[in-house]
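> Before I ask anything, let me first share the structure, which is written out below as structure tokens.
Throughout, read-outs are computed from the coordinates displayed, never taken from laboratory work. Since we're looking at a predicted model, the values are computed, not measured. Heads up, the Cβs are rebuilt from the backbone with ideal geometry, glycines too, and the neighbour counts pull from every protein chain shown.
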Amino acid sequence: MAILFQQDEKIFTIQTKQTTYQMKIDDFGYLLHLYYGGKISGNMDYLLTFYDRGFSANPYDAGSDRTYSMDVLPQEYPTMGTGDYRNSALVIRNADESECCDLRYAGHEIRTGKYGLPGFPAVHADSEEAQTLEILLQDTVNGVQVRLLYGVLEEDDIITRSAQIINSGTAGIVVEKAASACLDFVTGDFELVSFYGRHAMERNRQRVPLAHGSLVIGSRRGSSSHQYNPAVIVAGENTTEDNGCCYGMVFVYSGNFLCEAEKDQYNQTRILMGLQSELFHYPLETGEVLTVPETILCYSDQGFGGLSVKYHHCIRDHVCRGAYQNTPRPVLVNSWEAAYFQFDAETICQLAQDAAKLGIDMVVMDDGWFGKREDDNSGLGDWQVNEKKLGCSLSELIHKVNDAGVKFGIWIEPEMVSEDSDLYRAHPDWAMLNPKRNPVRGRNQLVLDFSRKEVRDYIFEQICSVLDQGNIEYVKWDMNRSLTDVYSVDNRQGKVAYDYVLGVYDFLERLTCKYPDLLIEGCCGGGGRFDAGMLYYTPQIWCSDNTDALDRLRIQYGTSFFYPMSAIGAHVSAVPNHQTGRNISLHTRGIVAMTGAFGYELSLNRLTQEERQQVKDQIRQYKEYERLISGGDYYRLTDPYKDSCAAWMFVSKDRRTVLLHAVILENHGNMTVSYVRLKGLLPEVFYEEKESKRCYQGTALMQAGIPLPVEMKEYPAYQFLFQVKG
Ligand code: GLA
């Protein structure tokens, strides 16, 4: 049993393989947080201290006891109005406009299996793999109830948290702020590791000490955003890639989020992860419920590397779903950087024929095949095949592609509409805009109001009628602008941004149910919606619009802290690179892209004979190593922000097969040698390197490492396969 309740002490203890989480219902019914960290036994309520602290308020029930204050006690779900002046997990505006919500324990239940959140992405597990703890808190004055949900995957060291806010009172309320997880630490100096970026340069790592005050990251863009990823690590000052303690918080949501990290007056730390409070005023009438999407918590005492391995496993096996969850993905060639908007059926067929010769499994027809779409200024929303441009029907094109021996995939952007489109002319009110104002444009397009079912239903029908025209085995689901005019003619405005995301999920759920064998790759101008929420529907996401191998090393490095390699769409593109102008060898581009769901994004017919052979070899290699890359344990071996080489490796579950990738980042006269130390090997046994046939002991590879060659090349890359003999 992973979840225990001690009736006498009123203590809940969650035990996973290597971690413990503990909380207590105190004498006044408050749910206090006691401990989260490495596995321990015994009760941790001795950590609570009680002193009379100036200007910290005391609940009425405490009588004249001035030592009891919510302002300092660690809590599971702190609310506004109880005397806790730190950041709140929940803020309610009551019918009388007051903002107090005083939650006390009202009951609990421990169940087999992991709770689900209908309509939301969430961690899933077989019933024997997981348990659920549900704790009910309530405020007897305004009638607000909060159902705190804890999902426990004992073997995986994963604890999920979600909250449901229920209006059981008699008057309407407004939820102004709601988090799904709060981590209170009574002691310790922490640093926050977060991942910031911009379009085409996502998920750069930032590590900063938490000082007094709040450090806040989040999104108001409607999507989880290129700018801040909805996942953070709270680490000790001395935590490194391989050693020390750290906690991860991964929000399973694809819209506006808020993460607050606060160090308080007593040097205590509180981290909250949940819904963004701006653009959010969620009205709840009597009997209504608001679900706060879940946060996946994980603790590692083996540094960031240990944390990543656990998250990769959790997301790959317990977030991603569907036919492609654990099966090899097709190696694809995408038409975008090959042809942009200038293509017809002939171009796509040519790509397919070239692809077949090289061993590529699938050709993807990107943007430009529908409506009036010669550039990005028009046509979105008109999901009718532009047969005039293609020169044939979609069905004929797919047949030709399939006849060439290649699968067919297609690009869509269902959430958008161009002003210059038949859809917009017929239904201008379907776009998100305030009828009294001119809309703010982004890429010259508007966002459809996906909070409205009729809008979703119409687009769903249109998209299905495209997908039904032939053997379409893959869809790239794009979203190329952020929300601005968050307004719906049909909704309460404070709900729109949230309901929009639920609308996207509803659409994706219907699509995945109707086409269970379809592979969907998420995309949002590349990696602007790279989150665990989308991965529930789309097992891979186009990682970035930046395909430059050097930039990609860092983007993929940042992405790897939480998300498994199987989720990272990575392609070899042409040189000079279209985003940076850099020339990097095909070999290096291949090694960098071979770190995720692999493919190409260039005109195959421009490749030289020699390059064709190289591409064939790359595909053969990728296919040989695919299971290791997608399913093995992934280790970061260097830091590409500061080290002279970027190196990472994949190791099989039995630790007997190891694939090492490395790229030298610096190039100087009279070069120094880069040595790379491997990780996670069996120490005693000997591994043979495939090319040289040389054998190395596991400990030697881990302790001393191997030298990388010194060559007169820019960004040379290396791939080594090590296997235990026999
Ligand atoms: C976005 C995507 C690209 C491509 C274009 C098409 O930018 O990230 O890969 O599909 O849209 O317009």
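> Using the Cα atoms of the range 571-621, I'd like the radius of gyration and the largest Cα-Cα distance, Dmax, both in angstrom.
10.3, 28
> What number, in nm² with one decimal, is the all-direction average of the projected area of the convex hull of the alpha-carbon atoms of the range 390-509? Before the final figure, lay out the partial values.
Details: hull surface 33.0 nm².
Taking a quarter of the hull surface, the average projection is 8.3 nm².
> Ordered by packing density, taken as the mean number of other Cβ atoms within 10 Å over each peptide's residues, highest first, how do 704-715, 387-398 rank? Walk me through the intermediate numbers first.
Working: 704-715: 14.5, 387-398: 17.2.
Highest mean packing first, the order is 387-398, 704-715.
> Now for a separate question. So if R0 is 56 Å, what FRET efficiency would Ser64 and Val673 give, r being the distance between their Cβ atoms, rounded to the nearest 0.05?
0.20
> Next question, about the same structure. How long is the range 113-214 along each principal axis, judged by its Cα atoms, biggest number first, in Å?
Answer, in whole Å and largest first: 47, 38, 36 Å.
> May I pose another question? Does anything in the range 347-386 have its amide N under 17 Å from the 7 Å Cα→Cβ label point of Phe341, and if so which residues?
Output list for this probe position: 366-386.
> To the nearest 0.05, how large is the calculated FRET efficiency for Gln265 and Arg443 if R₀ is 41 Å and r is the Cβ-Cβ distance? Working shown, then result.
Numbers: r = 46 Å, r/R0 = 1.12.
Plugging the Cβ-Cβ distance into 1/(1 + (r/R0)^6) gives 0.35.
> What nm distance separates the two modelled labels at Gln697 and Val685, each placed 7 Å from Cα along Cα→Cβ?
1.6 nm
> Then there's this: Counting Lys and Arg as +1 and Asp and Glu as -1, each charge on the Cβ, what is the dipole of the range 581-726 about the Cα centre in debye, to the nearest 20?
Values: 20 positive and 17 negative charges, 56 e Å.
The calculation lands at about 280 debye.
> Hey, what's the Kirkwood Rh for the range 332-542 if you take every pair of different alpha carbons, in angstrom? Don't skip to the answer; put the middle values down first.
Numbers: mean 1/r = 0.0570 Å⁻¹.
The Cα-based Kirkwood calculation yields 17.6 Å.
> Fewest to most neighbouring Cβ within 10 Å: what's the order for Tyr487, Tyr424? Please list the in-between numbers first.
Working: Tyr487 18, Tyr424 21.
Lowest to highest Cβ neighbour count: Tyr487, Tyr424.
> A follow-up question, please. So what is the orientation-averaged projected area of the range 4-108, using the convex hull of its C-alpha atoms, in nm²? Don't jump to the answer; show the numbers that get you there.
On the way: hull surface 31.6 nm².
Value for the range 4-108: 7.9 nm².
> To the nearest 10 degrees, how steeply does helix 303-318 sit against the main Cα axis of the chain, on a 0 to 90 scale?
Long axis of 303-318 versus the principal axis of the chain: about 80 degrees.
> Would you list Thr559, Thr79, Thr291 from fewest to most Cβ contacts within 10 Å?
Numbers: Thr559 26, Thr79 23, Thr291 20.
In increasing order of surrounding Cβ atoms, one gets Thr291, Thr79, Thr559.
> Here's a follow-up. To the nearest 20 debye, what is the magnitude of the charge dipole of the chain about its Cα centre, counting +1 on the Cβ of each Lys and Arg and -1 on the Cβ of each Asp and Glu? Before the final figure, lay out the partial values.
Numbers: 70 positive and 97 negative charges, 326 e Å.
In total the dipole reaches around 1560 debye.
> Binned at 20 Å from 0, what are the whole-percent values of the Cα-Cα distance distribution for the range 3-318, short to long?
All Cα pairs, binned at 20 Å, distribute as 33, 61, 5 percent.
> What whole-number value in cubic angstrom gives the convex hull volume per residue for the C-alpha atoms of the range 43-93?
Working: hull volume 5.0 nm³, N = 51.
That works out to 98 Å³ per residue.
> Moving on to the next point. In deg cm²/dmol and to the nearest 500, what is the mean residue ellipticity at 222 nm of the chain if only DSSP H runs of at least 4 residues count, each as -39500 (n - 2.57), divided by the residue total?
Values: 13 runs with 139 residues, N = 726.
Helix-only estimate at 222 nm: -5500 deg cm²/dmol.
> Under a crude label model (7 Å from the Cα following the beta-carbon direction), how far is His399 from Glu454 in nanometres?
Each label point is offset 7 Å from its Cα along the Cβ direction, giving 3.9 nm.
> For each pair in Lys177/Lys436; Lys114/Lys263; Lys39/Lys310, compute the distance between the two Cα atoms and list the pairs where it is over 23 Å.
Lys177/Lys436; Lys114/Lys263
> A follow-up question, please. From the P(r) of the range 169-283, can you give the percent of Cα pairs sitting at distances over 20 Å?
45 percent
> On to the next question. Find the all-direction average of the projected area of the Cα convex hull for the chain, expressing the result in square nanometres with one decimal place. The partial results should precede the final answer.
Values: hull surface 131.2 nm².
In nm², the orientation-averaged hull projection of the chain is 32.8.
> Using only Cα atoms, tell me the angle between helix 453-467 and the longest principal axis of the chain; keep it within 0 to 90° and round to the nearest 10.
Helix 453-467 sits at roughly 30 degrees to that axis.
> Let me ask another. Taking the range 645-724 on its own, what percent of its Cα-Cα pair distances exceed 18 Å? Walk me through the intermediate numbers first.
Values: 1234 of 3160 pairs.
Of all Cα-Cα distances in the range 645-724, 39 percent exceed 18 Å.
> Among Ser127, Ser451, Ser585, Ser219, what is the fewest-to-most ranking by other Cβ atoms within 10 Å? Present the calculation step by step, with values, prior to reporting the outcome.
Values: Ser127 11, Ser451 23, Ser585 16, Ser219 27.
Least crowded to most crowded, the residues run Ser127, Ser585, Ser451, Ser219.
> Among 174-182, 465-473, how do they line up from the highest to the lowest mean number of other beta-carbon atoms within 10 Å?
By packing density, highest mean first, the sequence is 174-182, 465-473.
> Further question on the same structure: Can you pull the three principal axis extents for the Cα set of the range 575-674, in Å, largest first?
42, 36, 24
> Quick check: pseudo-label points 7 Å beyond the Cα along Cα→Cβ at Asp8 and Asn326, how many nm apart are they?
Label-label distance for Asp8 and Asn326, simple model: 4.3 nm.
> If R₀ is 51 angstrom, what is the calculated FRET efficiency for the pair Ser168 and Glu387, using the beta carbon separation as r and rounding to 0.05? Spell out each step's value before the answer.
Working: r = 57 Å, r/R0 = 1.11.
Efficiency for this residue pair is about 0.35.
> If you line up the long axis of helix 496-514 against the longest principal axis of the chain, both from Cα atoms, how many degrees apart are they, to the nearest 10?
50 degrees
> Would you list which aspartates and glutamates come within 13 Å of Lys623, measuring only between C-alpha atoms, while excluding same-chain residues fewer than 8 positions from it?
Cross-link targets: Asp361.
> Suppose the chain between Val489 and Tyr46 were pulled fully straight at 0.36 nm per residue; how much longer would it get relative to their current alpha carbon spacing?
Details: separation 443, 0.36 × 443 = 159.48 nm, distance 5.43 nm.
Gain on stretching Val489 to Tyr46: 154.0 nm.
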